[in-house]
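Here's the structure we're looking at; comments come further down.
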There are 4 protein chains.
Amino acid sequence: MLNYYNRIAGQSIERLAAISDGVFAVAMTLLVLDLHTPAAEAIHSEGELWRAILAIAPRLLVYLMSFLTLGIFWVGQQTQLNHLERSDRDLSWLHLAFLFSVSLTPFSTSLMAEFIAYRVALVVYWANILLLGILLYASWSYAIRAQLVKADVTQVVQQAFKRRVIGAQSLYAFGAALCLINTYWALGFILLVQLNYALAPRIGFLPKL
Amino acid sequence: MLNYYNRIAGQSIERLAAISDGVFAVAMTLLVLDLHTPAAEAIHSEGELWRAILAIAPRLLVYLMSFLTLGIFWVGQQTQLNHLERSDRDLSWLHLAFLFSVSLTPFSTSLMAEFIAYRVALVVYWANILLLGILLYASWSYAIRAQLVKADVTQVVQQAFKRRVIGAQSLYAFGAALCLINTYWALGFILLVQLNYALAPRIGFLPKL
Amino acid sequence: MLNYYNRIAGQSIERLAAISDGVFAVAMTLLVLDLHTPAAEAIHSEGELWRAILAIAPRLLVYLMSFLTLGIFWVGQQTQLNHLERSDRDLSWLHLAFLFSVSLTPFSTSLMAEFIAYRVALVVYWANILLLGILLYASWSYAIRAQLVKADVTQVVQQAFKRRVIGAQSLYAFGAALCLINTYWALGFILLVQLNYALAPRIGFLPKL
Amino acid sequence: MLNYYNRIAGQSIERLAAISDGVFAVAMTLLVLDLHTPAAEAIHSEGELWRAILAIAPRLLVYLMSFLTLGIFWVGQQTQLNHLERSDRDLSWLHLAFLFSVSLTPFSTSLMAEFIAYRVALVVYWANILLLGILLYASWSYAIRAQLVKADVTQVVQQAFKRRVIGAQSLYAFGAALCLINTYWALGFILLVQLNYALAPRIGFLPKL
């Protein structure tokens, strides 16, 4: 009886999806705040303005990377929630933890971009991605265990989702390990994997992933 | 007749849920803005970068605490709204007041973290949590009185919700009172209660709460 | 034929409600960014912290006022949208203009609070509220004319909504005119009217409004 | 089998609409952050405050332009999504790319406004609008090809949408080309086209667009 509240709490998939879209939307746009127009005093010709814009380009790239990472996990979370019949209190908290990691992504991406030659920065970046993967996997496992998935979700779908997360995380971990050789190789590999997940079906690159 | 507008205003639970998710999403991500990458000039080795990241850790912890508090009240509000058939003007305003308190949470959490040895800061932090609890309780009481709850919501559910709020607030108040001895004890106790509400059913800790 | 796009554009009430909730949520939380924790160096005792918090109080009050104004118009817009069957391109643009004014509210409220003794600031503040009222009235009139309202919306409802906007705006205009005597009286009157709209049915104050 | 995840990923139109509304809401309000109240020390009379407010006016205008552009593309995207039966992974990514461009709009608009006499700034601004148009067109073409559109969407609707995008982009491109003569003419023309798209049906101006 005393635990009754826990049984009725947090059951709405719609609310979970809505707060997720809100947090993702804020996280996705957070790094736009770092793009500032150049100071007008410093610009006296078309050439100078062009060079000033080029100087902003690295930040734009970091923003793009952060958007890419968040996009991948947004699609992943959406796919999971689409297959759930309802939520419960524990699933809500697993997804809140996931959203916490989502909101850290712009920070860890910036850190990695700013200190691209440092292993520590790359490991922090990878730890963020790993955390996102673990929480997505954990929430899906929990949902299956707690019978929150829709009745028509077959074993094939259940396994496809798990295999996807494990496959992607293995590649990310391999990429991160490349930092033992060189952080640029590590980042390059991780970026390649991410681009593959975003574009693969269209360009037919690495189709077996 | 002249009061007719008031009778037809603010009836949508969906809109109330949507504005709530928006305000929660912004409030939940507000403290991420405090996480800045270290200045590149000051970093010359892996060790220095690592120490610079550790120096950010306290802010990350504050952010985590703020997220935790907001998560608890997000689950609480969602549970309430899930059991309502419709809203009305007064309920909308009670929830708007609740959202106002929600948006203050990152501020009061930061204040408490920055001045952890000061009783004033702890009392402000607790006052914020108390306000959230009062408004959640008041809106639920009002909803029952104004017959806005769904037909299938039993007395048991009605009481479970109220008991939960009162139980949690009693513990928070006891925790806050500990600041007469020591603010660290007070904060530690409050944090423990919050972690219990977020994790309890999974780890079976303090199951009777 | 060439105008065909305009006939099929912007028909979703749900999307209109969602973008509105997003803009309102951001606007409602914008002034929280102005609340900063006091500098730790300047605080050496409970008394000093208490005075530092009191020094923030005026900003909190401005935030509350901005939240109040936005809450009133959020309830107003929601009430309107609840009575619409569908939207169209023109209605979408009227509401986008409304949302533009919504996003200006934190600025005009801050301006008025900062320069409370200046008529110019009060007139800008009032102009913002007037614009919100005009756009809410215009979109409702348009919706009736374009037959976008639900079939069961009677003449009584149609008139109640219009009368509400006109009644409120008349009071705001009267309040603004008081600045010819004194800006404090003007602001006080406007605040009283706003509090009435937020609280009236509960405290029975000025029931005839 | 291994590609199974891609077949079940990203199918929710509702989630796509929700993340879009979130990103649009943040992007639409981003430039409000540039409106600061004048410093109180510098103001000693009604006249000075009035001039200080007028000094902010250009920023308000830039904000209005950014809001206008975003509004046009918000209506366009909504119209597209309204006609879709469901989404898939590729469509989600096309729209995520669209949202990335959406979030850049406040920046490119500011840049153009700050350096209004420079062709580089105008070209960047136009490139942003072009990118938005290309992605909206590409996602619609893809949706038709992948049979994601609703069954009742006729060829007429399909063509109307495409023609609209191409028509608008041709006018924007012509406007941008005017910068060979003069950037003011170019911007003026683009603004005129945008105002036409926002207001046209009401004022009957350029009805054939």
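The values are calculated or read from the model by the stated rules, or taken from the named source; none is laboratory data. The shown structure was predicted, so the numbers you read here are calculated from the model rather than taken from an experiment. Methodologically, a virtual Cβ is constructed for each residue, glycine included, from the backbone with ideal geometry; neighbour enumeration extends over all protein chains shown. We work out accessible area using only protein heavy atoms, side chains counted, and drop any ligands, DNA or RNA first. Shrake-Rupley method; radii C 1.70, N 1.55, O 1.52, S 1.80 Å.
Below are the figures for this structure:
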quantity	calculated
Cβ-based net charge around D:Tyr197, under 11 Å, with every Lys or Arg adding one and every Asp or Glu removing one	+2
In degrees, nearest ten, helix A:13-30 long axis to first principal axis of chain A (Cα)	10 degrees
Average beta-carbon neighbours from other chains, 10 Å sphere, peptide D:44-57	3
For the stretch C:144-158, Karplus couplings with θ = phi - 60° (6.51, -1.76, 1.60), whole Hz, Gly/Pro x	5, 4, 8, 6, 9, 6, 5, 4, 8, 7, 7, 4, 4, 5, 4
Net +/- balance of residues flanking D:Leu96 in space, Cβ distance below 12 Å, scoring K and R +1, D and E -1	+1
Unit charges at the beta carbon, dipole of the protein assembly as shown: most positive-side option, D:Trp74, B:Val102, D:Ala143	D:Ala143
For chain B: rounded, prolate or oblate by the Cα gyration tensor [a/c cutoff 1.5]	prolate
Helix-only [θ]222 nm of chain C, DSSP H runs n ≥ 4, -39500 (n - 2.57) each, per residue, nearest 500	-26500 deg cm²/dmol
Rounded to the nearest 20 debye, dipole of chain C from Cβ charges on Lys, Arg, Asp, Glu	820 debye
Area hidden from solvent between A and D (accessible, protein heavy atoms only, 1.4 Å, total, Å²)	4100 Å²
Shielding by partners - mean other protein chain Cβ count within 10 Å, residues of C:27-35	6
Accessible-area composition of the stretch D:2-199, carbon plus sulfur, in percent [1.4 Å probe]	66 percent
In Hz, Karplus ³J(HN,Hα) per residue of the stretch D:181-189 (6.51, -1.76, 1.60; θ = phi - 60°; x = Gly, Pro)	7, 6, 5, 5, 4, 4, 4, x, 5
Choice from C:Val124, C:Val62, C:Val153 with maximal GNM fluctuation in chain C (Cα, 10 Å cutoff)	C:Val153
HN-Hα J in Hz across the stretch C:100-107 - Karplus 6.51, -1.76, 1.60, θ = phi - 60°, x for Gly and Pro	4, 5, 4, 5, 7, 4, x, 5
Close Lys-Lys pairs in the protein assembly as shown, where close means Cα under 23 Å and separation is 8 or more or interchain	8
The stretch D:63-126 versus the stretch B:1-76: alpha-carbon centroid distance in Å	26 Å
B:Val149 long-range amide H proximity, modeled H, under 5 Å	B:Glu85
Total formal charge among the other residues, if their Cβ is under 11 angstrom from that of B:Ser87, Lys/Arg +1 and Asp/Glu -1	-1
Cβ-vector label at 7 Å, D:Ser170, separations to other copies in nm	5.3, 5.3, 7.5
Averaged over D:7-16, number of beta-carbon atoms from partner chains that fall within 10 Å	6
Solvent exposure of the protein assembly as shown as accessible area per residue, Å², 1.4 Å probe	40 Å²
Relative packing of peptides A:96-108, D:158-170 - highest average C-beta neighbours within 10 Å first	A:96-108, D:158-170
Cα gyration tensor shape for the protein assembly as shown, rounded if a/c is under 1.5, else prolate or oblate	rounded
Interchain or long-range residues, amide H under 5 Å from D:Phe115's placed H	none
